[in-house]
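Down below is the structure, laid out as C-alpha cells.
The values are calculated or read from the model by the stated rules, or taken from the named source; none is laboratory data. Just so we're clear, the structure is a prediction, and the values are computed from it rather than from any experiment. In this analysis, Cβ positions are derived from the backbone assuming ideal geometry, glycine residues included, and neighbour counts consider all displayed protein chains.
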Amino acid sequence: MAATAQLLLPTTPSTYHRIISPTLTIPTSDRAPVPVGLLACQRDPLLRTFDTEVHKACLSEANAKPAAKSGKKAVNAPTLPKGPILEVILHDTILFPEGGGQPTDIGIIHTKKDGVEKPWDVLQVKRHGGLAVHYVKVDGDVEAALQAFSPKSPVSVSLGAEGYDKRYDHMSMHTSQHLLSALLETRLDIPTLSWSLTTSPSPCYVELPRSMTPDEILSIQTEANRLVFEGRKVHVEVEELNRDTLPGTQTTEGGRFVGKALPDDYTGGVKRVIVIDGVDRNPCCGTHLPSIKNLQLFLLPHTESLTRSSSNTTSTRLYFLAGPRLITHLTSTHSLLTAISSLLSCGAPLVPDRVALVVDERKKAEKRSQDVEEELAKYVAADLHAEIEKTEKTLFVKHVHRIDDSSSALAFLSTISTHLAAKASTDKSYLVVLSSTPSSLTSTSTSVVLVFGSDEALVKKVGDQLKTAVGIKGGGKGLKWSGKFTGVWKDAKEGSAIQKVLESV
C-alpha cells in the first residue's frame, strides 16, 4: 500500500492564552457577550471557524461619515458599500475588530433558519466600547435579515480563505512590529512613536524620533533574525483592567500620542499584554502569532525623514517586511531582476554595471541630440533672417510648423527665436509664429506654439488673438509668447486660423 501524508493545519498551543487573574473568567451566559480582549480570535488566532450565537442585531447607519479620531492614526478601514447593512453583535467571534493599529478582519457568518443555511459577508468588524460589532452586508429583504439574526440564533463564523490570508498577513506584520520596536528601544534606545500596518504587499513602517545609520539598521535586522531562528515563543497574558495602575497617555511636543496607554473609549475591562519570550512585554489588543519562528525580518536599508510644519518636528520612517509580504517582495523583485537581465542580455550580477553603461550612453546620446538641435536651430534662424532681410514689407510675418516627438519641442522653438534675435537688425520689423506637434495625434496630444518678434505690443496682441482663434492656452512677457494646444492639430483648421491672424496684423 502506498504511503500517504496529511498536511495538518497549524494550531495554537494551549499555553498561548493565559488568564493570570484568579477572578477573571470568559463570559458564558447569553446575557453578556465576550468583551474585546477575551474574544476567540484573541485567545486562538489560528482558529478558522467558530460556532456561537447572536446577541443582538440592528440596521446600521454605517454609511454616515465617521467622526475623526483625534490624536490617533486611522487604520486602513474598508469603504462600506451603499445599501442596507446590519450591525451584529455575537456572543463571541473569531473576526478581529480593528484596533491597536491592526485593520479589521473580513469573513462570513452562516445562519440557519428553518433548516436553510445562508452565508452573510462580514465587511468590517469594529470595536464599540468593549464590544465587537460585525457589519454584515444585506442582499434582499432587511426584515428577513433581522429575523435571521434574531437574538440567541445559532450561527457559525468563518474567516474563509481570503479572510485567513489577510489575518495571517496582519499577524505576521503586527508581531514583527512588536519585535522590531522592542529591539530598537532596548538596543538603541529609540522609542517607536507610531506604526502603520499598510495595505499588502507594501512594506509597513515604524515612525522614530531620529534617523538610523545603515550599520544600526543591519544590527537590528541581524539581532531580530537571530531571535527568529531561535523560534522565540509568543503568549498572551490577560487580567482585569485597572486604569489607575496604567501609564498615562504621553504626547510629543507637537501633541502626538505615543507610549503604551489603552484607548480612552475602551470599556471591555480587560488588560491584555503580548509577551515575546525574553524580548518584549507590550499591552496590545491585536492578534499575534504563537511564535516568531517564521517571521524572518527584512528592514529596507534606508529611512524616510518627515517634517511636520504644524508642530515644527522631525521624525523618521523605517520600513520593514516579514512573513507573506517578504515572500511576495522577494518573488516580485526576482521577477523584475530576471526581466531586466533578459532585456540587457546579461546575468543578474552584471545588471548594475550594464544599467550604469546604458545610463551613461543615454546621457551621451542626449548631449549629441542637444548639440544637433542647437546646430539645426541656427540654420532655421538663418533662413528666417535671410527672408526678413529680403522682404520689402514694413513688417515681415510668417508661420512655420514642424513635427517633433521630443519632450523639449518648445525649448527647440525658443532656441530658434534666440538665434534669430541675435541676427536680426534693428531696422527690420518681424513677427514669427512657430508651432510644433507630435507625429501621432490624439484627443489628448499637446502641441506647442511660440510667438516672437521685434515689437513687444504686437507679440502680445497676436498671442491674445491666438487664444480666441485657435484655443491656445498661454501667455508671455517681453518679445516672446508661448502656449499649448490640446487635441488633434490640423493644418486646414489650426494652421489656417494662425495664418488669418497674421494676415490681419
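Quick notes on this structure:
- Flag for residue 365 being under 17 Å from residue 453 (Cβ atoms), small (Gly, Ala, Ser) and either modelled with pLDDT of 95 or more or assigned by TED's automatic domain parsing to the domain that holds residue 446 (or both): no
- Output for segment 123-165, where each listed residue is touching a helix residue (DSSP H, G or I) at 6+ places or on another chain (Cβ under 8 Å) and in a strand (DSSP E or B): 136
- When segment 412-433 is filtered for residues that are exposed (fewer than 14 other Cβ atoms within 10 Å of the Cβ) and within 40 Å of the chain's Cα centre (by Cα), nothing remains.
- Pairing residues of segment 365-384 that are assigned to a helix (DSSP H, G or I) with residues that are surrounded by 14 or more Cβ atoms within 10 Å (Cβ to Cβ) and hydrophobic (A, V, I, L, M, F, W, C), at Cβ distances under 7 Å and at least 6 apart in sequence or on separate chains, gives 373/412; 377/412; 377/416; 380/416; 381/416; 381/420; 384/420; 384/432.
- In a residue-by-residue description of segment 40-61, the property of being modelled with pLDDT under 90 and either loosely packed, with under 12 Cβ neighbours inside 10 Å or of a type in the set (A, V, I, L, M, F, W, C) (or both) applies to at least one position.
- Meets criteria (assigned by TED's automatic domain parsing to the domain that holds residue 415, over 12 Å from residue 433 (Cβ atoms) and within 47 Å of the chain's Cα centre (by Cα)) for residue 495: no
- Scanning segment 424-464 for residues that are of a type in the set (S, T, N, Q) and under 15 Å from residue 397 (Cα atoms) yields 429, 435, 454.
- Scan segment 448-461 for residues that are crowded, with 23+ Cβ neighbours inside 10 Å and of a type in the set (Gly, Ala, Ser) and the total you get is 1.
- Residue in segment 270-281 that is at pLDDT below 80, surrounded by 14 or more Cβ atoms within 10 Å (Cβ to Cβ) and outside any strand (DSSP E or B) present: no
- Any hit, segment 172-192, residues being buried (at least 22 other Cβ atoms within 10 Å of the Cβ), assigned by TED's automatic domain parsing to the domain that holds residue 45, within 30 Å of residue 279 (Cβ to Cβ) and touching a residue at least 12 places away in the same chain (Cβ under 8 Å): no
- Unique match (being part of a loop (DSSP other than H, G, I, E, B) and over 30 Å from residue 345 (Cα atoms)) among 393, 467: 393
- Subset of segment 358-397 (residues that are within 43 Å of the chain's Cα centre (by Cα), farther than 14 Å from residue 413 by Cα and not hydrophobic (A, V, I, L, M, F, W, C)): 360, 361, 362, 363, 364, 366, 367, 368, 369, 371
- Residues (in a strand (DSSP E or B) and aliphatic (A, V, I, L, M)) located in segment 440-464: 448, 449, 450, 451
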